[in-house]
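Worksheet: one structure, shown below.
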Number of protein chains: 2
Amino acid sequence: MKICVLRLGHRPERDKRITTHVALTARAFGCTGMFLAGMDEKIRESINRVNENWGGKFFVEFVKDWKTLIREWDGIVIHLTMYGIPLLRIQEKIQPEEPILVVVGAEKVPKEVYEMVDYNVSIGLQPHSEVAALAVFLDRITDGKEFTITFPDGKMKVVPTEKGKVVEKYDE
Amino acid sequence: MKICVLRLGHRPERDKRITTHVALTARAFGCTGMFLAGMDEKIRESINRVNENWGGKFFVEFVKDWKTLIREWDGIVIHLTMYGIPLLRIQEKIQPEEPILVVVGAEKVPKEVYEMVDYNVSIGLQPHSEVAALAVFLDRITDGKEFTITFPDGKMKVVPTEKGKVVEKYDE
């Protein structure tokens with residue numbers, strides 16, 4: 001299942017940490033990469049550092065023309081918004097072989113996004129967080145893929161432990 | 001099911017938005033409130049504004065002595081961390097009648113937290129986001145409660161819609 005994220009409305013000063021959390025969540029839950037509408041080298045650098053240490057090839061790509069990306073996406077485009085249709089009602093329409101582009105906005109999302117996508121999908125009817133919405137969407141759509149993901153090309157991996165932190169190096 | 005969140009390590013300048021997302025997620029997914037280790041009136045004000053508009057009585061309470069809060073919690077205390085035991089292996093040990101305190105840290109969590117809690121629980125073995133971890137934890141533990149939560153004492157509610165934003169006022 002190929003899933004990418006498109007992050008809209010990123011303002012480098014204000015959204016740096018939230019956008020980083022969006023990217024890290026996408027990576028940890030098995031997405032291929034994140035398209036960022038705009039430019040922010042710092043985000044890409046910090047994700048690349050995570051890839052180096054923990055493995056995988058999750059990409060961060062800057063796009064100017066995100067409308068073309070949505071229009072020409074070869075698969076299904078889903079916009080996560082509290083105003084959309086509950087995921088439970090949409091989920092069965094998503095075919096596992098179709099590449100998914102998940103659009104997540106910052107505070108204001110242009111009106112036309114709602115028109116351009118295949119589905120506007122909600123995770124609950126309350127205002128909360130694009131990071132939370134993305135995580136629940138991916139967890140449910142992949143049936144908990146994040147629980148089994150490891151990247152053997154990383155430098156280290158976590159060994160689940162009752163108390164404390166145990167990390168194993170791949171090279172040793 | 002009573003669930004509260006304890007947010008550790010909040011630095012007002014750096015973490016304002018992430019901590020707000022933690023609180024909004026806790027509220028939208030049915031928690032009773034969030035204890036914040038430290039003080040940040042702005043976080044409380046912004047959550048109170050959400051309560052006013054969208055309803056509910058989600059609280060934000062500042063605590064100095066969070067160790068006592070953990071020690072004296074009348075129920076189960078769970079710390080979300082990528083180093084812990086996968087949720088899938090812990091979930092059956094959580095009794096629905098037990099109040100849950102979910103501890104989420106910012107970047108560095110004091111070592112003793114790992115010792116003090118009942119369970120260190122992971123949502124995947126990769127670094128990602130406390131907002132994402134909290135959302136998946138709550139979604140799974142409550143069996144998707146966020147999809148049905150509404151607060152009739154709010155000013156308005158969302159009407160799920162295929163395209164656009166539809167909001168209904170409660171008073172009309």
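A few remarks follow.
- Boolean, B:H21 is in a strand (DSSP E or B) and within 13 Å of chain A (Cβ to nearest Cβ): no
- Residues in the stretch A:13-35 that are more than 24 Å from B:L134 (Cα to Cα) and of a type in the set (A, V, I, L, M, F, W, C): 1 in all.
- Set B:V117, B:V77: member being more than 30 Å from A:I85 (Cα to Cα) and over 14 Å from the mean Cα position of the chain (by Cα): B:V117
- Residue match in the stretch B:125-147 (condition: more than 19 Å from the chain's Cα centre (by Cα), basic (K, R) and on the phi < 0 side of the Ramachandran plot): no
- Some residue of the stretch A:98-115 being within 7 Å of chain B (Cβ to nearest Cβ), in contact with a helix residue (DSSP H, G or I) (Cβ under 6 Å, 6 or more places away or on another chain) and in contact (Cβ under 8 Å) with a residue 40 or more places away in the chain: no
- Of all the listed residues (A:K64, A:K2), the sole one being in contact with a Pro (Cβ under 7 Å, 6 or more places away or on another chain) and charged (D, E, K, R) is A:K2.
- Hits in the stretch A:146-172 (condition: basic (K, R), in a loop (DSSP other than H, G, I, E, B) and more than 9 Å from every other protein chain (Cβ to nearest Cβ)): A:K155
- Sole exception among (1) within 14 Å of another protein chain (Cβ to nearest Cβ); (2) touching a residue at least 40 places away in the same chain (Cβ under 8 Å); (3) more than 28 Å from B:R140 (Cβ to Cβ); (4) not aliphatic (A, V, I, L, M) for A:P12, by number: (2)
- Residue list for the stretch B:91-122, filter: among the hydrophobic types (A, V, I, L, M, F, W, C) and over 12 Å from A:T161 (Cα atoms): B:I94, B:I100, B:L101, B:V102, B:V103, B:V104, B:A106, B:V109, B:V113, B:M116, B:V117
- All of (1) surrounded by fewer than 17 Cβ atoms within 10 Å (Cβ to Cβ); (2) without any contact (Cβ under 8 Å) to a residue 40 or more places away in the chain; (3) outside any loop (DSSP other than H, G, I, E, B) hold for A:E52 with one exception: (2).
- The stretch B:26-45, residues that are touching a helix residue (DSSP H, G or I) at 6+ places or on another chain (Cβ under 6 Å) and surrounded by fewer than 18 Cβ atoms within 10 Å (Cβ to Cβ): none
- Of the residues making up the stretch A:60-81, those that are among the hydrophobic types (A, V, I, L, M, F, W, C), more than 19 Å from A:I94 (Cα to Cα) and assigned to a strand (DSSP E or B) are A:V60, A:F62, A:V63.
Quick grid of which residues meet (1) surrounded by 14 or more Cβ atoms within 10 Å (Cβ to Cβ); (2) under 30 Å from B:P152 (Cα atoms); (3) modelled with pLDDT of 95 or more; (4) within 11 Å of chain B (Cβ to nearest Cβ):
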{"position": "A:V63", "(1), (2), (3), (4)": "yes, no, yes, no"}
{"position": "A:K67", "(1), (2), (3), (4)": "yes, no, yes, no"}
{"position": "A:R71", "(1), (2), (3), (4)": "no, no, yes, no"}
{"position": "A:I78", "(1), (2), (3), (4)": "yes, yes, yes, no"}
{"position": "A:N120", "(1), (2), (3), (4)": "yes, yes, yes, yes"}
{"position": "A:D139", "(1), (2), (3), (4)": "yes, yes, yes, yes"}
{"position": "A:G144", "(1), (2), (3), (4)": "yes, no, yes, yes"}
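- Filtered by the rule that a residue be of a type in the set (D, E) and surrounded by 14 or more Cβ atoms within 10 Å (Cβ to Cβ), the stretch A:146-161 gives a lone residue, A:E146.
The values are calculated or read from the model by the stated rules, or taken from the named source; none is laboratory data. All figures in this text were calculated on a predicted structure; none of them were measured in a lab. Note: ideal-geometry Cβ built from the backbone for every residue, glycine included; neighbour counts use all protein chains shown.
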